[in-house]
Amino acid sequence: MRGADGTNEALFSTVKLEEFVPQSHPLRPIRKWMNDALSKMGTKFSAMVEADVKEGRPSIAPEKLMRAMLLQVLYSVRSERQLVEQISYNLLFRWFVGLSIEDTVWNHSVFSKNRDRLIEFDAVTDLFNTTVEMAQRRGLLSGEHFSVDGTLIHAWAGQKSIRRKDRQQPTPLQTAQECALRPEPQARVGYRCSPQCRSHRGRRDTTA
């Protein structure tokens, strides 16, 4: 028997947003850690709101805004407008921020209006320091070494920004000679040979 292609929405629903999130999802431990850190900043958030108290509707909870901004970083959301759109229809984002399925998402301009207050009261800095302290107590940090994303370093010296120091364009013969001096493994990945490094520099690199 073929099922009907129809939608029957119930008037009431007893399903919680958390039931849609798999138990193994990586955002679960992140949200727990985030909530533990935010719970220690209640006094700062209260002082921040009282300093700019106005008549009208209650303000958006700073905890929700900071969870939303963390999602923006984790998922590389390009703008607050797109972030609000994602929170509106993405159940995972709603659950992480702390909104129910019936709650209306705030306007994207809320981030711009509250970002200055969060910076002024060092809320972001305190959240970072609290997170680092929690990681230190759990033995998740080590001072033996650190990691650096090499792609970010190479991005500062893009191929199109490399110019000769003497501002003279190389002849085809000079270019062929420089390429011949370049080792084969480095030529495949796009690195420049040492003679070229001594004769070239990036347009924004004034120390080379």
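The values are calculated or read from the model by the stated rules, or taken from the named source; none is laboratory data. Fair warning: this is a prediction, and the values are worked out from it, not measured in the lab. We place every Cβ from the backbone using ideal geometry, glycine too, and count neighbours over all the protein chains shown. Ligands, DNA and RNA are excluded from the accessible area calculation, which covers all protein heavy atoms including side chains. Shrake-Rupley method; radii C 1.70, N 1.55, O 1.52, S 1.80 Å.
Which one is modelled with the lowest pLDDT among residues in segment 37-58 that are part of a helix (DSSP H, G or I) and touching a helix residue (DSSP H, G or I) at 6+ places or on another chain (Cβ under 7 Å)? If you could, list the steps in order and put the result at the bottom.
First pass over segment 37-58, keeping only residues part of a helix (DSSP H, G or I): 37-39, 42-51.
Checking which are touching a helix residue (DSSP H, G or I) at 6+ places or on another chain (Cβ under 7 Å) leaves us with 37-38, 44-45, 48.
Working: Ala37: 90, Leu38: 90, Lys44: 83, Phe45: 84, Met48: 78.
Across segment 37-58, the extreme among qualifying residues is Met48.
Can you work out which of the residues in segment 7-21 that are in contact with a helix residue (DSSP H, G or I) (Cβ under 8 Å, 6 or more places away or on another chain) and open to solvent by less than 90 Å² (accessible area, probe 1.4 Å) is farthest from Gln136 (Cα to Cα)?
If we filter segment 7-21 for residues that are in contact with a helix residue (DSSP H, G or I) (Cβ under 8 Å, 6 or more places away or on another chain), which is where we start, we get 17-18, 20-21.
Pick out the ones that are also open to solvent by less than 90 Å² (accessible area, probe 1.4 Å) and you get 17, 21.
Values: Leu17: 32, Val21: 28 Å.
Only one residue fits best here, namely Leu17.
May I ask you to say which residue of Leu65, Leu83, Leu99, Leu71 is assigned to a loop (DSSP other than H, G, I, E, B), open to solvent by less than 40 Å² (accessible area, probe 1.4 Å) and within 30 Å of Phe12 (Cα to Cα)? Step through it out loud before you land on a result.
Numbers: Leu65 fails: assigned to a loop (DSSP other than H, G, I, E, B); Leu83 fails: assigned to a loop (DSSP other than H, G, I, E, B); Leu71 fails: assigned to a loop (DSSP other than H, G, I, E, B).
Going through Leu65, Leu83, Leu99, Leu71 in turn, the sole match is Leu99.
Could you run through segment 109-121 and say how many residues are over 14 Å from Leu70 (Cβ atoms) and open to solvent by less than 80 Å² (accessible area, probe 1.4 Å)? Can you show your working first?
First, the residues of segment 109-121 that are over 14 Å from Leu70 (Cβ atoms): 109-110, 112-114, 116-117, 119-121.
Cutting the leftovers down to open to solvent by less than 80 Å² (accessible area, probe 1.4 Å) gives us 109-110, 112, 114, 117, 121.
Residues that pass the stated criteria total 6.
Tell me the residue from Arg137, Arg94 that is within 18 Å of Ile30 (Cα to Cα) and open to solvent by 70 Å² or more (accessible area, probe 1.4 Å), please. Quick ask: steps written out before the conclusion?
Working: Arg94 fails: open to solvent by 70 Å² or more (accessible area, probe 1.4 Å).
It is Arg137.
Glu102 - would you say it is touching a Ser or Thr at 6+ places or on another chain (Cβ under 8 Å), acidic (Asp, Glu) and on the phi < 0 side of the Ramachandran plot?
It is false that Glu102 is touching a Ser or Thr at 6+ places or on another chain (Cβ under 8 Å), acidic (Asp, Glu) and on the phi < 0 side of the Ramachandran plot.
Could you please tell me which pairs satisfy a Cβ distance under 7 Å, a separation of 6+ or placement on different chains, a first residue in segment 33-49 that is closer than 17 Å to Met134 by Cα and buried (at least 18 other Cβ atoms within 10 Å of the Cβ), and a second residue that is among the hydrophobic types (A, V, I, L, M, F, W, C) and at pLDDT below 85?
Cβ pairs passing all conditions: none.
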